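J.: So that we are looking at the same thing, I have put the structure below in structure tokens.
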Amino acid sequence: MIRVLSTGAYLQPLSDGEPLPALKEALHKAGSQAFRRVDRFIQLALLGSARCAAGRSLRTDCGVYLGSGYGPLGENIATQEQLIREREIPMPFDFINTLGNTAGFHVAKNFALQSPNVFVSRRGASFEAVLAAAFADLTLGVVTQALVGIVEEATLPLAEHRRRLGLVDGVPLAEGSHWLLLEAGADGARALSLQRHAELAAVEGALKTLAREGDRLCCAQAMESSAAKRLRSGFPGAIL
């Protein structure tokens, strides 16, 4: 069995025409080390993971499993501009920071970890991918703890950011960093499993059986609005 020891997150809604919020003070309050030459994607990873691990001493074998739908967009844009528009060789740290696993390296260094460090970037289900990797390592005994996170960075102007993401004009945007600290060996814990149902009525029945006070229901954006509304109407917990 695997249990969730703690959670931590940073989520910031964004508005057109406004700058991205500075993260330095939030990082200091969260207890993160100060690193030089880090980009916003790395800062977001450090902030969310530091909030997740606040007040805890992580085991040195704790693995880092970081996922993202789009990765470090800011540095990739800067590097492409240097190469294509300015016809120059990218700055070394700009180039290094285009790699998503650079953020995982800084998270591991922040907590003095010496274990697996996995980064997965894919448009859909990146969280499920890194969670599956963490579960596999925890189950096999490769690690006894796993710091699992998802980071999504925004770039300015937001109108261009929407086009990169394939979104229509005016869609609300946010950036964030969400983390779980998992540990193997959770006696008596509540089991989690993936269930698939062909009919909506079966989903409703499963929710009524599994739901506990305080649980939250999240419906994917791709779900039909009528189906999401029907599920929300019958769910006893807080609704998202």
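The values are calculated or read from the model by the stated rules, or taken from the named source; none is laboratory data. Only a predicted model underlies this, so the values are computations on that prediction, with no experimental measurement involved. Reconstructed Cβ throughout: ideal geometry from the backbone, glycine too, with neighbour counts over all protein chains shown. When the accessible area is computed, the model is the full protein with side chains, heavy atoms only, and any ligands, DNA or RNA have been set aside. Shrake-Rupley method; radii C 1.70, N 1.55, O 1.52, S 1.80 Å.
J.: Can you tell me how many residues within the range 38-67 are in a loop (DSSP other than H, G, I, E, B) and free of Cβ contacts under 8 Å to residues at least 60 places away in the same chain?
T.: Residues flagged as in a loop (DSSP other than H, G, I, E, B) and free of Cβ contacts under 8 Å to residues at least 60 places away in the same chain within the range 38-67 amount to 5.
J.: Next question, about the same structure. Condition test on Asn97, is it surrounded by 20 or more Cβ atoms within 10 Å (Cβ to Cβ) and of a type outside the set (Phe, Trp, Tyr)?
T.: So Asn97 passes the test.
J.: Got a number for residues in the range 24-37 being surrounded by fewer than 20 Cβ atoms within 10 Å (Cβ to Cβ), out of contact with any Phe, Trp or Tyr (no Cβ under 8 Å at 6 or more places or on another chain) and assigned to a loop (DSSP other than H, G, I, E, B)?
T.: 5
J.: Oh, and also: Return the pairs, sorted by first residue and then second, in which the second residue is part of a loop (DSSP other than H, G, I, E, B) and open to solvent by less than 10 Å² (accessible area, probe 1.4 Å), the first residue lies in the range 134-151 and is of a type in the set (Ser, Thr, Tyr), the beta carbons are less than 8 Å apart, and the residues are 6+ apart or on different chains.
T.: Thr144/Cys62
J.: Tell me, please, whether a residue that is surrounded by fewer than 17 Cβ atoms within 10 Å (Cβ to Cβ), of a type in the set (S, T, N, Q) and free of Cβ contacts under 8 Å to residues at least 60 places away in the same chain can be found in the range 185-206.
T.: There is at least one residue in the range 185-206 that is surrounded by fewer than 17 Cβ atoms within 10 Å (Cβ to Cβ), of a type in the set (S, T, N, Q) and free of Cβ contacts under 8 Å to residues at least 60 places away in the same chain.
J.: Filter the range 81-110 for residues that are touching a strand residue (DSSP E or B) at 6+ places or on another chain (Cβ under 9 Å) and touching a residue at least 60 places away in the same chain (Cβ under 8 Å); which is nearest to Ser32 (Cα to Cα)?
T.: Val107
J.: While we're here: Residues Pro157, Pro172: which one is in contact with a strand residue (DSSP E or B) (Cβ under 9 Å, 6 or more places away or on another chain) and either of a type outside the set (Val, Ile, Thr) or surrounded by fewer than 17 Cβ atoms within 10 Å (Cβ to Cβ) (or both)?
T.: So the residue among Pro157, Pro172 that is in contact with a strand residue (DSSP E or B) (Cβ under 9 Å, 6 or more places away or on another chain) and either of a type outside the set (Val, Ile, Thr) or surrounded by fewer than 17 Cβ atoms within 10 Å (Cβ to Cβ) (or both) is Pro172.
J.: Next up: Which of (1) within 22 Å of Asn97 (Cβ to Cβ); (2) among the aliphatic types (A, V, I, L, M); (3) at pLDDT below 95 does Ala125 not meet, given it meets every other one?
T.: Among (1) within 22 Å of Asn97 (Cβ to Cβ); (2) among the aliphatic types (A, V, I, L, M); (3) at pLDDT below 95, the lone unmet condition for Ala125 is (1).
J.: Taking the range 133-153 as the region of interest, how many residues are assigned to a helix (DSSP H, G or I) and either in contact with a strand residue (DSSP E or B) (Cβ under 7 Å, 6 or more places away or on another chain) or open to solvent by less than 60 Å² (accessible area, probe 1.4 Å) (or both)?
T.: 6
J.: From the list Pro13, Pro90, which residue is farther than 23 Å from Gly166 by Cβ, of a type outside the set (Gly, Ala, Ser) and not in a helix (DSSP H, G or I)?
T.: Unique residue meeting the criteria: Pro90.
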